[in-house]
Amino acid sequence: MLIFLMYMFAVLGVSLLLAAAVLKCRLSYPSSNLTRLARAVGSFNLNFPRRFVTPDQSHIIALDEAGRTLAIGSCNPGKAEHATAQLYTFDTILGSEIIENALTLTKVSKTCRITSSANKNGDRSGRPDTVINSVHSTDAIQADEEEVKELTLKIYLSSADTPVLSIPFLPGIAPARKSDREYTLAFSEVQHVHEAIREIVSA
């Protein structure tokens, strides 16, 4: 009987130690990036019906058309620190542009209404016309295999503290290729945000 009790308490002690270790790991493990970003944007206690998240989950762009406000949340993926967020009113947004490999693909500005989007020509991808309208199939294949080391959305603001916000949209695969599905999805997402900003500055 004494031996049985010894074994029982030993098993109970090991179980408690394991449970404590698991609990400690869960508490110390950082919450997901999406959760942290959502909390940061949620701290404003505003309704943001439209939300866009970058592929690496480092940024969230939240839009409230009714309240005419834009929230940008950011965090360091994989790090335990809290995400931060900033709130901007629509009247402080001056424009935006999509930059790929240091080249501007499309730009819209409140001040001069600059726009060079290839979408006006019915291009689904939003890439330059030279890629889509090429008569040589080998050129198109080379374009699809082109490496992309930068895909950035720049948002221009009438703010002395933060005149430009640079938000990376390059997917986790680096460098990406234009033929990669991850890159296509990332490009589509950055286009959606850019078009939303176009609506803001054109209103």
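The values are calculated or read from the model by the stated rules, or taken from the named source; none is laboratory data. Not measured: the values here are computed from a predicted model. When we count neighbours, we look across all protein chains shown, and the Cβ atoms used for this are built from the backbone with ideal geometry, even at glycine. Please note that ligands, DNA and RNA were not included when accessible areas were found on the heavy atoms of the full protein model with its side chains. Shrake-Rupley method; radii C 1.70, N 1.55, O 1.52, S 1.80 Å.
Within region 181-203, being touching a residue at least 12 places away in the same chain (Cβ under 8 Å) and among the hydroxyl-bearing types (Ser, Thr, Tyr) holds for Tyr183, Thr184, Ser202. Those strands (runs of 3 or more DSSP E) of region 97-195 in which at least 2 residues are open to solvent by less than 20 Å² (accessible area, probe 1.4 Å) and modelled with pLDDT of 95 or more, considering only elements entirely within it, cover 151-157.
Number of residues in region 25-49 that are touching a strand residue (DSSP E or B) at 6+ places or on another chain (Cβ under 8 Å), open to solvent by 30 Å² or more (accessible area, probe 1.4 Å), outside any loop (DSSP other than H, G, I, E, B) and modelled with pLDDT of 90 or more equals 1.
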